[in-house]
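K.L.:
Here it is, the structure in full.
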Amino acid sequence: MPSAFPNISRIPFEGSKSKKPLAFKHYNASELVDGKTMKEQLRFSVVYWHTFRNRLADPFGAGTAIRPWDDGTESVKNAQNRVHAAFEFIEKLGAPFYAFHDRDVAPEGSTLKQTNKNLDAVVRVLKEEQKRTGIRLLWGTACLFAHPRYVHGAATSCNADVFAYAAAQMKKAIEVTHELGGEGYVFWGGREGYSTLWNTNMKRELDHLARFLHMAVDYKKRIGFKGQFYIEPKPKEPTKHQYDSDAAACLNFLREYDLIGQLKLNLETNHATLAGHTMQHELEVAAAADALGSIDANTGDPLLGWDTDQFLTDVYLTTQCMLAILKMGGFRTGGVNFDAKVRRESFEPVDLFHAHIGGMDAFARGLKIAAAIRRDGRLVEFVKQRYSSWDSGIGAKIEAGKINLRELEAYMLKKGEAAPNSSGRQEFLENLINEFI
Ligand code: XUL
Ligand code: CO
């Protein structure tokens with residue numbers, strides 16, 4: 001195989017003074033931050049779908065991507081060749097992980113049997129390349145939304161046969177993820193939602209989605225797959241309303257259907273903003289339920305109302321993400337997965353490097369800043385102090401469930417008025433954060 005990126009060598013770390021575009025200014029894989037190397041803390045992952053399959057088309061025009069290694073056909077041979085290009089890219093970038101949907105890596109055949117055969121043929125090459133490079137699979141997933149059969153959804157389709165097809169496809173995707181030593185498996189409800197409620201039996205669809213996930217959990221145990229299952233919230237697009245709309249909705253669904261504990265959340269930055277939340281909010285909601293698993297790192301455009309999947313370069317945002325990750329003690333099975341694509345105008349192969357280098361450097365800065373904020377301790381101490389009335393006296397009794405309404409009334413009748421409030425000091429804290437950025 002000729003090299004896919006012949007003019008690009010392994011991306012070096014050169015430090016913040018470097019002016020070289022194809023070098024890291026902040027991501028130094030072996031540098032220790034908060035007791036672990038940056039590589040271990042950040043667990044960067046490259047996505048197959050955007051980076052190796054996206055032709056950069058938009059609703060108004062054809063794809064612009066120049067990908068010399070790809071012959072543009074849907075052949076298995078082309079899919080196998082593409083694996084070599086993908087691993088050359090990931091290796092030169094120095095990312096330890098990748099992620100894929102089954103249909104990103106191998107083409108559909110005319111029957112499910114043929115499709116599975118195609119997938120096996122490509123998985124063989126993926127396995128070889130993983131072995132050769134040491135690059136690992138962060139998570140696998142099934143594409144249950146692109147083929148026209150999934151027009152009404154997959155697990156939530158009104159057509160029971162489509163549910164059966166999706167179940168078979170998901171079974172195979174879990175198997176290949178297991179075979180490739182994947183650290184996780186993601187369920188993003190591609191078209192699990194509705195476009196109009198006039199034709200929708202929501203309760204039945206939600207029951208079916210839960211049945212689907214229970215089958216996955218059972219099968220995972222049966223084959224001994226130890227990877228983490230994740231559910232990825234997104235409020236809309238492609239449907240008007242997706243059932244997994246945000247972290248809170250996912251957690252409620254998991255609790256309602258006795259799945260909590262089986263799945264953690266894979267939070268995506270741009271999905272959070274589409275849901276009308278900040279990523280910081282979504283991270284807090286997930287962490288509070290001990291369900292923060294992994295993140296899909298990208299960003300939207302404040303002037304565009306859809307999922308633009310841009311590379312994330314905002315250091316405030318990466319700092320917020322890494323504060324949440326460090327607070328929970330770091331990633332376990334998850335990582336920073338770049339679910340992001342270059343712009344249609346950035347069509348050359350080298351743009352894939354610029355995009356990932358920018359994202360990795362932004363997260364490396366976020367990690368270093370978050371670690372410094374935690375070391376400094378003032379932020380944590382402020383929040384601790386703000387709640388100190390709960391540490392003893394009446395607060396401690398309420399938290400411990402050792403006091404009832406009559407006793408609280410007696411306490412306040414005696415006291416006459418509540419203790420005075422303190423300032424929330426938002427501006428002071430914003431200034432404090434800026435000291436580090
Ligand atoms: C779609 C999205 C997906 C999932 C995997 O918005 O984020 O790529 O991450 O299916
Ligand atoms: Co995603």
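We did not get these values from a lab; they are worked out from the coordinates using the rules stated. Being a predicted model, the structure only gives us computed values, none of them experimental. Reconstructed Cβ throughout: ideal geometry from the backbone, glycine too, with neighbour counts over all protein chains shown.
K.L.:
5 Å is the cut-off here: which amide hydrogens, built 1.01 Å from N in the peptide plane, fall below it relative to F229, excluding neighbours closer than 5 in sequence?
P.N.:
Excluding prolines and chain starts, which carry no amide H, the hits are Y185, K264.
K.L.:
A further question on this structure: Hey, got the dipole for the range 80-131? About the Cα centre, +1 on K and R Cβ, -1 on D and E Cβ, debye to the nearest 20? Numbers along the way, then the final one.
P.N.:
Values: 8 positive and 8 negative charges, 28 e Å.
So the dipole magnitude of the range 80-131 works out to roughly 140 debye.
K.L.:
Distance in nm between label sites at K39 and N159, each 7 Å beyond Cα in the beta-carbon direction?
P.N.:
With each label placed 7 Å out from Cα toward Cβ, I get 4.7 nm.
K.L.:
Mind checking the range 7-106 for trypsin sites (Lys or Arg not before Pro) that DSSP puts in a loop (not H, G, I, E or B) and that have at most 11 other Cβ atoms within 10 Å? Mind showing how you got there, number by number?
P.N.:
On the way: sites: R10, K17, K19, K25, K36, K39, R43, R53, R55, K77, R82, K92, R103; in loops: R10, K17, K19, K25, R43, R55.
In loop regions of the range 7-106 (DSSP not H, G, I, E or B), the sparsely surrounded trypsin sites (Lys or Arg not before Pro) are R10, K17, K19.
K.L.:
Just the number, please: percent antiparallel of the DSSP beta bridges in the range 32-376, rounded to the nearest 5.
P.N.:
20 percent
K.L.:
Let me ask something else about it. Apply 1/(1 + (r/R0)^6) to the Cβ-Cβ distance of K127 and M412, taking R0 = 60 Å, and write down the FRET efficiency to the nearest 0.05.
P.N.:
Efficiency for this residue pair is about 0.35.
K.L.:
Where in the chain is the longest stretch that carries no GluC sites (Glu not before Pro) classed as loop by DSSP and with at most 13 other Cβ atoms within 10 Å?
P.N.:
75-344
K.L.:
Taking the alpha-carbon centroid of each part, what is the distance from the range 318-343 to the range 171-197 in angstrom?
P.N.:
Here the answer is 20 Å between Cα centres.
K.L.:
Per-residue HN-Hα couplings for the range 7-18, Karplus 6.51 cos²θ - 1.76 cosθ + 1.60 at θ = phi - 60°, whole Hz, x for Gly and Pro?
P.N.:
Whole-Hz 3J(HN,Hα) from phi for the range 7-18: 9, 10, 9, 3, 6, x, 8, 10, x, 5, 7, 5.
K.L.:
Shifting gears a bit: For the range 41-64 and the range 264-317, what is the separation of their C-alpha centers, rounded to whole Å?
P.N.:
Using only Cα atoms to place each centre, the spacing works out to 18 Å.
K.L.:
Separate question: In whole angstrom, note down how far apart the Cα centers of the range 201-260 and the range 366-418 are.
P.N.:
Their Cα centres are 35 Å away from one another.
K.L.:
Kindly provide the trypsin sites (Lys or Arg not before Pro) of the range 204-236 that DSSP labels as loop, not H, G, I, E or B, and whose Cβ sees at most 16 other Cβ atoms within 10 Å.
P.N.:
Loop-located and lightly packed - K226, K236.
K.L.:
Further question: To the nearest 20 Debye, how big is the dipole of the chain about its Cα centre, given +1 on the beta carbon of each Lys and Arg and -1 on that of each Asp and Glu?
P.N.:
Details: 56 positive and 54 negative charges, 180 e Å.
In debye, rounded to 20, the chain gives about 860.
K.L.:
Could I ask something else about it? Using DSSP to call loops (not H, G, I, E or B), can you name the chymotrypsin sites (Phe, Trp or Tyr not before Pro) in the range 359-411 whose Cβ has at most 15 other Cβ atoms within 10 angstrom?
P.N.:
Loop-located and lightly packed - Y387.
K.L.:
Please compute the net charge surrounding S18, taking Lys and Arg as +1 and Asp and Glu as -1 over other residues with Cβ under 11 Å from its Cβ.
P.N.:
Neighbourhood net charge equals +2.
K.L.:
Taking amide H positions as placed in the peptide plane 1.01 Å from N, state which residues far from G293 in sequence (5 or more) or on other chains have amide H under 5 Å from it.
P.N.:
L265, L267
K.L.:
Any idea how far apart A146 and E31 come out in nm if each label point goes 7 Å out from Cα toward Cβ?
P.N.:
3.7 nm
K.L.:
Here's a follow-up. Counting alpha carbon pairs within less than 8 Å and at least 6 residues apart, what relative contact order, in whole percent, applies to the chain?
P.N.:
The value is 16 percent.
K.L.:
Follow-up question, since we're still on this one. Identify all lysines with a Cα-Cα distance to K171 below 27 Å; exclude those on the same chain that are fewer than 8 residues away in sequence.
P.N.:
In chain and number order, the partners are K77, K113, K117, K127, K131, K203, K220, K221, K226, K234, K236, K264.
K.L.:
Let me ask another. Per-residue HN-Hα couplings for the range 218-228, Karplus 6.51 cos²θ - 1.76 cosθ + 1.60 at θ = phi - 60°, whole Hz, x for Gly and Pro?
P.N.:
For the range 218-228, the Karplus curve yields 4, 5, 4, 5, 4, 8, x, 6, 9, x, 7 Hz.
K.L.:
Further question: For the pair A419 and K236, what calculated FRET efficiency results from E = 1/(1 + (r/R0)^6), where r is the Cβ-Cβ distance and R0 = 35 Å, to the nearest 0.05?
P.N.:
Calculated value: 0.20.
K.L.:
With a ≥ b ≥ c the root eigenvalues of the C-alpha gyration tensor of the chain, is it rounded (a/c under 1.5), prolate (a/b larger than b/c) or oblate?
P.N.:
In terms of gyration-tensor shape, oblate.
K.L.:
For each of C250, C143, C158, count neighbouring Cβ atoms within 10 Å of the residue's Cβ, then give the residues from fewest to most.
P.N.:
Listed from fewest to most nearby Cβ atoms, that is C158, C143, C250.
K.L.:
Now for a different question. Output wanted: per-residue J couplings in Hz (rounded whole) for the range 249-261, from phi through Karplus 6.51 cos²θ - 1.76 cosθ + 1.60, θ = phi - 60°, x for Gly and Pro.
P.N.:
5, 5, 5, 5, 4, 4, 5, 4, 9, 6, 10, 5, x
K.L.:
So, in nm, how far is label E256 from label D58 when the simple model puts each one 7 Å beyond its Cα toward the Cβ?
P.N.:
3.7 nm
K.L.:
May I pose another question? Please give the contour-minus-distance gain from K327 to S16: 0.36 nm per residue of separation, less the Cα-Cα distance, rounded to one decimal in nm.
P.N.:
Extending this stretch completely gives an extra 109.3 nm.
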